[in-house]
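All remarks here apply to the structure that follows.
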Protein chains: 2
Amino acid sequence: MIKVVLLGAGNVAFHLAKAFLHAKDIQIIQVYNRSEDAFKFFPDTINITSSLSEILDADCYIISISDDSIAGFSATLPFSGKLVVHTSGSVAMNPLNSKNRKGVFYPLQTFSKNTEVNFAETPVFIEAENETDLQLLQKIGRSISEKCYNITSEQREKLHLAAVFVCNFVNHLYHIGYELTTKNDIPFDLLKPLIKETARKLDDGIPSAMQTGPAKRNDKKTMAKQLEILHLQEHKEIYSLLSNAITNQYGRKKL
Amino acid sequence: MIKVVLLGAGNVAFHLAKAFLHAKDIQIIQVYNRSEDAFKFFPDTINITSSLSEILDADCYIISISDDSIAGFSATLPFSGKLVVHTSGSVAMNPLNSKNRKGVFYPLQTFSKNTEVNFAETPVFIEAENETDLQLLQKIGRSISEKCYNITSEQREKLHLAAVFVCNFVNHLYHIGYELTTKNDIPFDLLKPLIKETARKLDDGIPSAMQTGPAKRNDKKTMAKQLEILHLQEHKEIYSLLSNAITNQYGRKKL
């Protein structure tokens, strides 16, 4: 049995804890968090503490806190020589304090407390300083996901950046779609089949082969009209920038 | 049996023809297209013509051609008093030539020739000048989709604009994600679980409740670093604009 302590109690820690509770060979022996508020979301069966000095002895410590705090927090841990990993996409492995063995355990997914995540399909990207630790992280990763990959800090940085585009920015476009429909008495639900098909289509081909719409057709009349319909300056700017990007891309291809 | 003639042979016409072939009570009696090239995609069993004078007598004519050409093309039809509808999201009903009865039959979906569309889940938005025609369009709509709604030209214009954001622009962000991963030797496939979960999460709550990432957290350090990693000026501009939009939105909410 691999003993794991979670350090942090945010969205990622919460979903990891839930996944590990169902995992064979892994035991979450404790969750540490500075404030006790966050513990209310966790199952009662999990041992919790808000005191660094009470942290139990484990095979792996998983830090899941805000990016900015990872390096500083890792220096305050009252033990050494242990495997301490973080779950961040954009922080390299190196900033972790050197008194412990360093590693990364990055699940690539969007986590909100009130949604269920299918961890089996969530790829986990790992990194460690030596082969033994890498194998341990692989075991932990494979206990909750079918997809566990070794990746360098540099690649993970690029992957996280790509994730910002295809998840965070995409969700903001969903939000604009929500505003445009609901403000015109159209239920947002009517857009969902289109939203899901746009994501699903990627199974049939690469994104550029799937592009449709006025900008791809360079349909200037429709674009001018749509730009005029938009009220908010911010929406107009997003419309222009993305339309131009699409038109440029397909224009370039035709040359 | 409702007799339908399709005028045009692009992506929308192609998928409509396929859906109608399986529909009870609807018979595609003919597909017209100016050039014969496009017919090769259509089943052999469908009667085709590239001559306006050969168009058969039908209960409903569905124009599915580029937005700019709809009005002009509808004026060239060699018959009158018939129900003639178009399938465009952004063209109003009125520009159709007045010698025939006007209507709209707008399926809200992204159509590419090489993908299968689940029409049962694709909402169809209809409009007509009178109740009888509206009922006929409802019958046609319900023969292929579970979701058929009456909507005004003005609402449809807004809906189509929203669709550009949640489909066309979203797909371009997928494309940027594709470039960022493949150029760094990371398979794009690894982003797909995240992409699908981002779309699926909308079943759990509205988009703004589902937002995650550096911009939402106003994590300036990560944003500055990511902006620096991006090579293309266009990608930098998209990153800045969408990050600011997200930060502004959640900043406003906190006030």
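The values are calculated or read from the model by the stated rules, or taken from the named source; none is laboratory data. Since the model is a prediction, treat every value here as computed from it, not as a measurement. As a convention, Cβ positions derive from the backbone with ideal geometry for all residues, glycine included, and neighbour counts pool all protein chains shown. With ligands, DNA and RNA removed, areas are computed over all heavy atoms of the protein, side chains included. Shrake-Rupley method; radii C 1.70, N 1.55, O 1.52, S 1.80 Å.
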For this session: Take the cross-link list A:K220/B:K221; B:K139/B:K192; A:K192/B:K113; A:K40/B:K183 and give me the ones stretching past 32 Å between alpha-carbons.
Result: A:K220/B:K221; B:K139/B:K192; A:K40/B:K183
For this session: Provide an ascending nm list, one decimal, of label-point separations from B:D189 to the equivalent residue in each further copy; define each label point as 7 Å from Cα along Cα→Cβ.
Result: 3.6
For this session: Kindly write out, for region A:62-72 in residue order, the coupling ³J(HN,Hα) from the Karplus curve 6.51 cos²θ - 1.76 cosθ + 1.60 (θ = phi - 60°), rounded to whole Hz, with x marking Gly and Pro.
Result: 10, 7, 10, 10, 5, 3, 4, 8, 4, 4, x
Exercise. Which value, in debye to the nearest 20, describes the size of the charge dipole of region A:148-223 about its Cα centre when Lys and Arg Cβ atoms bear +1, Asp and Glu Cβ atoms bear -1, and nothing else is charged?
Worked result: 260
For this session: Take peptides A:2-11, B:77-86 and line them up by average Cβ neighbours within 10 Å, highest first, as a rough protection proxy.
Result: A:2-11, B:77-86
Seminar exercise, completed: Once the mean of 1/r over all distinct C-alpha pairs in region B:12-162 is inverted, the Kirkwood radius in Å reads 15.7
Exercise. Inter-copy label distances at A:S53, 7 Å along the Cα→beta-carbon direction, one decimal in nm, shortest first?
Worked result: 10.0
Problem set entry | Student exercise, the protein assembly as shown dipole from Lys, Arg, Asp, Glu Cβ charges, in Debye to nearest 20 | 480
Exercise. Per residue, how much accessible area does chain A show when a 1.4 Å probe rolls over the protein heavy atoms, in square angstrom?
Worked result: 43
Seminar exercise, completed: Taking placed amide H atoms and a strict 5 Å upper bound, the residues 5 or more places from A:C148 or on another chain that come that close are A:V124
Problem set entry | Nonlocal amide H pairs with A:E127, under 5 Å, H built at 1.01 Å | A:V104
For this session: Quick one: plug the Kirkwood hydrodynamic radius of region A:1-85 (C-alpha pairs) into Stokes-Einstein at 20 °C, 1.002 mPa s, and report D in µm²/s.
Result: 166
Problem set entry | Cβ neighbours within 10 Å from other chains - mean over A:106-112 | 5
Exercise. Which far-off residues, 5 or more places away or on another chain, put their amide H under 5 Å from the one on B:L83, with H placed in the peptide plane?
Worked result: B:Y61, B:R101
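Which trypsin sites (Lys or Arg not before Pro) from region A:4-42 combine a DSSP loop assignment with at most 13 other Cβ atoms within 10 Å?
On the way: sites: A:K18, A:K24, A:R34, A:K40; in loops: A:K24, A:R34.
Counting only loop positions with at most 13 other Cβ atoms within 10 Å, the trypsin sites (Lys or Arg not before Pro) in region A:4-42 are A:K24.
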Exercise. Across peptide A:239-247, how many C-beta atoms of other chains are within 10 Å of each residue C-beta, on average?
Worked result: 5
Exercise. Can you run phi through the Karplus equation (6.51, -1.76, 1.60; θ = phi - 60°) for region B:100-113 and list ³J(HN,Hα) in whole Hz, with x for Gly and Pro?
Worked result: 10, 6, 9, x, 9, 9, 10, x, 8, 6, 9, 10, 10, 4
Problem set entry | Dimensionless Rg over Rh [the protein assembly as shown; C-alpha; Kirkwood] | 1.06
Seminar exercise, completed: Any aspartates and glutamates whose Cα falls less than 18 Å from that of B:K99, other than same-chain ones fewer than 8 residues away, would be B:D57, B:D59, B:E127, B:E129, B:D133
Exercise. So which of A:K201/A:K225; A:K196/B:K102; A:K3/A:K102; A:K18/A:K158 end up more than 21 Å apart, counting from Cα to Cα?
Worked result: A:K201/A:K225; A:K196/B:K102; A:K18/A:K158
Seminar exercise, completed: A correct Karplus calculation of ³J(HN,Hα) over region A:181-188, with 6.51 cos²θ - 1.76 cosθ + 1.60, θ = phi - 60°, whole Hz and x for Gly and Pro, returns 7, 4, 6, 10, 6, 10, x, 4
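Specify, per residue and in Å³, the volume enclosed by the convex hull of the alpha carbon atoms belonging to chain A.
Spelled out: Cα convex hull of chain A, divided by residues, is 169 Å³.
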Exercise. Roughly how big is region A:2-151's charge dipole about its Cα centre, with Cβ charges of +1 (Lys, Arg) and -1 (Asp, Glu), in debye to the nearest 20?
Worked result: 80
Problem set entry | Using a 7 Å Cα-to-Cβ projection, A:E36 label spacings across copies, nm, ascending | 8.3
Exercise. Stokes-Einstein D for region A:138-238 at 25 °C, 0.890 mPa s, Kirkwood Rh over Cα pairs, in µm²/s?
Worked result: 145
Problem set entry | Between helix A:220-229 and chain A: long-axis angle, C-alpha atoms, 0 to 90°, nearest 10 | 70
Seminar exercise, completed: Per residue of A:151-160, other chain Cβ atoms within 10 Å number on average 4
